[in-house]
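Student: Below is the structure I would like to discuss, written out as structure tokens.
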Amino acid sequence: MRKSRSARKISIRENDLMLAHILRKSEAADTFGDYAEGHREVFAICSDYLDLTEKELRRTDVNSPRYVAMRKGRSRIKSIRKSHLLAWSEIESKALMRDARREATPIERARTAGKALSVVEEAIGHYPGEPTLRDSAEVVREFISGVQIKGLIEEAEASEEVGDKTAALEIYEQILDKLSRQHLSEENKEALAGRIGEKISSLRGD
């Protein structure tokens, strides 16, 4: 019976062939730069290589030429893997954010932006210390918070228009309660708090 790759040694030639395959895929993904799934595919095959060689290294003598070859390969593939995951995250999240801005309602905008946040958070799961990912996540969270607050303001204004001051007041008070927990800059929070406070005072007749 033929042994599976996981049950037999990976030769230097096999290692070289795997590396060459990944490099070809990487170059192709870079050629079609804005195709997110191409970068995602390279990330996946890099992960497969790293998983496979990690297991192989555990049972390989450190003085073996195979050990040296795999260590060098892993160092190169780690860099390629990260590059393509960051590219996928950036392209995919930006596309989703463009879609979010075109959505008709605040609920739909927040939902689509939430998908963008999921993409960025997935990448953060692999590279938690990457500042560009942290920054991207914060931008998306601010967008979602802004959309949600805007949606509530529109609800309150609609209640005012039909003369339901009680409902409007409840919504404005809800907004004030939520503000401190929103992913917004302190400047924006203060501006919104002032605006909402004026609305509440007006409705109360203060």
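Student: Which of the residues that make up the range 156-206 are of a type in the set (Asp, Glu) and under 29 Å from the mean Cα position of the chain (by Cα)?
Tutor: 177, 186, 187, 190
Student: Is there a residue in the range 105-114 that is assigned to a helix (DSSP H, G or I), within 30 Å of residue 173 (Cα to Cα), at pLDDT below 95 and of a type in the set (A, V, I, L, M)? Write out each step before concluding.
Tutor: Residues of the range 105-114 assigned to a helix (DSSP H, G or I): 106-114.
Adding the requirement that they be within 30 Å of residue 173 (Cα to Cα) leaves 106-114.
Next, from what is left, pick out any that are at pLDDT below 95: 106-107.
Keeping just the survivors that are of a type in the set (A, V, I, L, M) gives 107.
Yes: one or more hits.
Student: Would you call residue 120 under 26 Å from residue 79 (Cα atoms) and either outside any loop (DSSP other than H, G, I, E, B) or not assigned by TED's automatic domain parsing to the domain that holds residue 187 (or both)?
Tutor: So residue 120 passes the test.
Conditions tested, residue by residue: (1) closer than 30 Å to residue 20 by Cα; (2) of a type in the set (Val, Ile, Thr); (3) modelled with pLDDT of 95 or more.
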site: 34; (1), (2), (3): yes, no, no
site: 52; (1), (2), (3): yes, no, yes
site: 77; (1), (2), (3): yes, yes, yes
site: 122; (1), (2), (3): yes, no, yes
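Student: Right, something else. Does the range 162-172 contain at least one residue that is surrounded by fewer than 16 Cβ atoms within 10 Å (Cβ to Cβ), over 28 Å from residue 97 (Cβ atoms), among the hydrophobic types (A, V, I, L, M, F, W, C) and assigned by TED's automatic domain parsing to the domain that holds residue 116?
Tutor: Looking only at the range 162-172, we keep the residues that are surrounded by fewer than 16 Cβ atoms within 10 Å (Cβ to Cβ), and these are 162-167, 170.
In the following step, the residues that additionally are over 28 Å from residue 97 (Cβ atoms) were identified as 162-167, 170.
Cutting the leftovers down to among the hydrophobic types (A, V, I, L, M, F, W, C) gives us 162, 167.
Filter again for assigned by TED's automatic domain parsing to the domain that holds residue 116, leaving 162, 167.
The answer is yes; a qualifying residue exists.
Student: Another one. For the condition without any contact (Cβ under 8 Å) to a residue 60 or more places away in the chain, assigned to a helix (DSSP H, G or I) and in contact with a Gly (Cβ under 6 Å, 6 or more places away or on another chain), what is the one hit in 19, 57, 86? First the steps, then the outcome.
Tutor: Details: 57 fails: in contact with a Gly (Cβ under 6 Å, 6 or more places away or on another chain); 86 fails: in contact with a Gly (Cβ under 6 Å, 6 or more places away or on another chain).
When all the criteria are applied, what remains is 19.
Student: If residue 30 passes every condition in (1) of a type in the set (D, E, K, R); (2) within 21 Å of the chain's Cα centre (by Cα); (3) exposed (fewer than 12 other Cβ atoms within 10 Å of the Cβ) but one, which one does it miss?
Tutor: Only one criterion in (1) of a type in the set (D, E, K, R); (2) within 21 Å of the chain's Cα centre (by Cα); (3) exposed (fewer than 12 other Cβ atoms within 10 Å of the Cβ) is unmet by residue 30, namely (3).
The values are calculated or read from the model by the stated rules, or taken from the named source; none is laboratory data. All values derive from a computational prediction rather than experimental measurement. Note that we place each Cβ from the backbone using ideal geometry, even for glycine, and neighbour counts take in every protein chain shown.
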